[in-house]
């Protein structure tokens, strides 16, 4: 993955930090949210932070290895998951007092699939590189 793409990914951490302040406003009662929204917002924030860091670590691991091109391409699935899963958590509970997640919830399992493809691709590529 190129340095500019990794730079953009690093900048997403600013958005994740803003999400943390949003969660603090919810916890402090300054933003209204029901229990479903609080749960999904926390999960979205946590997944975003962990998956961005994991995606960057995977890219660092692949940097010095002579992995096949397909493994490098598949490994980007980790960073794609860092977008899809939080997107699903946040957008599936937008609105006033939703009682259940909307159709945007399908981004969550799609992100999970992307994550698995990404880590398997990176892992197999690293094994094959010796």
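Please treat every number below as a calculation from the coordinates, not as lab data. This structure is a prediction, so every number in the text was calculated from the model and none was measured. Every residue, glycine among them, receives a Cβ derived from its backbone with ideal geometry; neighbour counts consider all protein chains shown.
Cα axis of helix 3-27 to longest principal axis of the chain: angle in degrees, 0 to 90, nearest 10?
Between the helix axis and the principal axis of the chain, the angle is about 20 degrees.
Test of understanding: in a Gaussian network model of the chain with alpha carbons linked when under 10 Å, which of 88, 77, 69 would top the mean-square fluctuation ranking?
69
At what distance in angstrom do the alpha carbon centres of the stretch 43-81 and the stretch 95-130 lie from each other?
Answer, in whole Å: 12.
How do 35, 72 rank when sorted from fewest to most other Cβ atoms within 10 Å of their own Cβ?
Starting with the residue having the fewest Cβ neighbours, the order is 35, 72.
Against the longest principal axis of the chain, how steep is helix 35-63, in degrees 0 to 90 to the nearest 10, with axes from Cα atoms?
10 degrees
With axes computed from alpha carbons, what is the tilt in degrees of helix 77-91 against the longest principal axis of the chain, rounded to the nearest 10 within 0 to 90?
Value to nearest ten degrees: 10.
Determine, from the Cβ-Cβ distance of residue 24 and residue 60 and an R0 of 35 Å, the FRET efficiency 1/(1 + (r/R0)^6), rounded to the nearest 0.05.
It comes out at approximately 0.70.
Arranged by the count of other C-beta atoms within 10 angstrom, fewest first, what order do 104, 85 take? Numbers along the way, then the final one.
Details: 104 15, 85 25.
By the 10 Å Cβ count, ascending: 104, 85.
At 222 nm, what value in deg cm²/dmol follows for the chain if DSSP H runs of at least 4 each add -39500 (n - 2.57) and the sum is divided by all its residues, to the nearest 500? Intermediate values should be presented prior to the final figure.
Numbers: 5 runs with 98 residues, N = 130.
Only helices count here, giving -26000 deg cm²/dmol.
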